[in-house]
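Engineer: Structure in structure tokens, see below.
The values are calculated or read from the model by the stated rules, or taken from the named source; none is laboratory data. Treat the numbers as computed from the prediction; the structure is a model and nothing was measured. FYI the Cβ positions are ideal-geometry reconstructions off the backbone, even for glycines, and counts take in every protein chain you see.
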Amino acid sequence: MKRLERKVLVALLAGSVGSAALAADLEQVYRDALAYDAVLVAAQGTLEAGREKLPQGRAALLPSVSVSGNSNWNEAEVKATGISRGYNSNGWQVQLTQPLFRWQNWVQYQQGELQASLAEAQYRLARQDLTLRAAQAYFDVLTAQDVLAAVQALHSANTQQLELARKSFEVGTVTITDVHEAQSRADLSSAQMIAAESDLAVRRHALSVMTGKETEVLKGLRKGVALSRPEPADIQAWVGAAEGSSLAVQAAQLAGEIASREVERNQAAHLPTLDLVATHGNSTTSSAFNNFAGRLDLDTTTVGVQLALPLFQGGAVTSRVREAAALKSKAQADLDHARRSSAQSARQAYLGVTSGLAQVKAFEAAQVSSGSALEANKLGYEVGVRINIDVLNAQSQLSDTRQKLARARYDTLIAQLRLKAAAGALGEEDVRAINALLE
């Protein structure tokens, strides 16, 4: 029997070691999300489509070549003689057109460059958002795991206290009230444990939606790890960086430039256009009423320039200019909003880091104090100077402090990433830096 128990213990230890070896870390989750996340895949498609704006804009500056052809049956009658004949005519033509002066085409090419750059900025913004979402989902799972562990410990302690209260009641040292209080706390912690297990399952599923993998074991923070303060430790420096360098501001600046070019492009519709046009063609006509026998075969080649001056288009051009000017004003307002929002995000994230560090320190001290208070209340209960409810309250306080400490640590790490993101400086090296804090 002992040999069987030993084998079971060895198997369990081997399984736990294997699970630890297969535990995923933040960097692995981030890599999986890069390859699987549907939002980022959609952003990749948008990026590839946006890159095509550049060759499309360039095409308006390059020559265009077209080929046309025709074949017609003709019926002709000479009124004076009453002679009627039918004949066939065929023709084809190749035309090359090279714009020499079309200012709207040049502006469109500039817009194409800006639109391609905007697509790149929007993709970087989407990738940055993925980093934050992956980290948030990862730490949400760790938080749920720590909450569940704290609630399970509380339930175990409450159950032990209930058994102690029952035995004490049987020997007459406590009243039935102590038993009821302990039973109430045990039932409450049982309900909390069920809720924590459900929340953990939800958080794990949310992570799997991003990564496409069901990960049961995640690496947690190392015990006693020290979280770093923002560098530089100046909120105004981070706010200034956010106003000038955040990806949202960069995208809004590019959108504003595109809107300005759109006004110029529509205004250029009032300007003349000049094109170089070269054609070469052939026309073949069967003999009908001419002096040529059989058929007339004619080759033609022309080279020249064409000047066009738009005069009036029913007010459409002026209307489009007004529309573009209104959209330019909107783009400027969007840029102002992006700067203010980025500055606010930087302030919020900076304060989240600094206040989070202070909370972590306070909760760590509170955890030690709560543990000491619990031991003191247990001892006092044993010697009769404390009652059952004092022990139950101390156990709840310790469990609550553990949960708040876990949340404060993870929230501080997320705030660090959000601070970098607000300043447009979040990258894979920041993920690796936080990943190095995991065990």
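Engineer: Return yes when ARG204 is in a helix (DSSP H, G or I), in contact (Cβ under 8 Å) with a residue 40 or more places away in the chain, more than 24 Å from GLY371 (Cα to Cα) and not aliphatic (A, V, I, L, M) and no when it is not.
Structural biologist: yes
Engineer: Next question. LEU96: part of a helix (DSSP H, G or I) and either in contact (Cβ under 8 Å) with a residue 24 or more places away in the chain or closer than 30 Å to ALA60 by Cβ (or both), yes or no?
Structural biologist: So LEU96 fails the test.
Engineer: Can I ask one more? Which of the residues belonging to region 424-433 are over 15 Å from ALA126 (Cα atoms) and either touching an Asp or Glu at 6+ places or on another chain (Cβ under 9 Å) or not in a helix (DSSP H, G or I) (or both)?
Structural biologist: Residues satisfying the conditions are VAL431, ARG432.
Engineer: Residues that are within 27 Å of ALA433 (Cβ to Cβ), out of contact with any helix residue (DSSP H, G or I) (no Cβ under 9 Å at 6 or more places or on another chain) and modelled with pLDDT under 50, at least 3 per element: which helices (runs of 4 or more DSSP H) completely within region 1-60 meet that?
Structural biologist: Correct list: 2-21.
Engineer: When region 250-274 is examined, which residues are found to be buried (at least 18 other Cβ atoms within 10 Å of the Cβ) and either among the aliphatic types (A, V, I, L, M) or touching a strand residue (DSSP E or B) at 6+ places or on another chain (Cβ under 8 Å) (or both)?
Structural biologist: Across region 250-274, the qualifying residues are ALA251, ALA252, LEU254, ALA255, ILE258, ALA259, VAL263, ALA268, THR273.
Here's the yes/no breakdown for (1) out of contact with any His (no Cβ under 6 Å at 6 or more places or on another chain); (2) outside any helix (DSSP H, G or I); (3) closer than 30 Å to LEU200 by Cβ; (4) modelled with pLDDT of 95 or more:
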site: GLU77; (1), (2), (3), (4): yes, yes, no, no
site: THR81; (1), (2), (3), (4): yes, yes, no, no
site: GLY91; (1), (2), (3), (4): yes, yes, no, no
site: VAL107; (1), (2), (3), (4): yes, no, no, yes
site: SER117; (1), (2), (3), (4): yes, no, no, yes
site: TYR123; (1), (2), (3), (4): yes, no, no, yes
site: ALA126; (1), (2), (3), (4): yes, no, yes, yes
site: LEU132; (1), (2), (3), (4): yes, no, yes, yes
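Engineer: Looking at region 112-122, is at least one residue under 30 Å from THR300 (Cα atoms), in contact (Cβ under 8 Å) with a residue 12 or more places away in the chain and not β-branched (Val, Ile, Thr)?
Structural biologist: no
Engineer: Looking at GLU216, GLU231, GLU243 in this structure, which one is part of a loop (DSSP other than H, G, I, E, B), over 30 Å from LEU96 (Cβ atoms) and at pLDDT 90 or above?
Structural biologist: Within the list GLU216, GLU231, GLU243, the selection yields GLU231.
Engineer: Restricting the search to region 41-72, which residues are over 30 Å from VAL277 (Cβ atoms) and not acidic (Asp, Glu)?
Structural biologist: VAL41, ALA42, ALA43, GLN44, GLY45, THR46, LEU47, ALA49, GLY50, ARG51
Engineer: Just give me the residues in region 187-217 being of a type in the set (S, T, N, Q), closer than 18 Å to THR159 by Cα and crowded, with 18+ Cβ neighbours inside 10 Å, in sequence order.
Structural biologist: SER189, GLN192 - these are the residues of region 187-217 that are of a type in the set (S, T, N, Q), closer than 18 Å to THR159 by Cα and crowded, with 18+ Cβ neighbours inside 10 Å.
Engineer: Does any residue of region 277-299 turn out to be out of contact with any Phe, Trp or Tyr (no Cβ under 6 Å at 6 or more places or on another chain), hydroxyl-bearing (Ser, Thr, Tyr), surrounded by 13 or more Cβ atoms within 10 Å (Cβ to Cβ) and modelled with pLDDT of 95 or more?
Structural biologist: yes
Engineer: Would you say GLY380 is surrounded by fewer than 18 Cβ atoms within 10 Å (Cβ to Cβ), at positive phi and more than 24 Å from the chain's Cα centre (by Cα)?
Structural biologist: no
Engineer: Return the residues of region 77-130 that are touching an Asp or Glu at 6+ places or on another chain (Cβ under 8 Å) and β-branched (Val, Ile, Thr); say none if nothing qualifies.
Structural biologist: Correct list: ILE83, THR97, VAL107.
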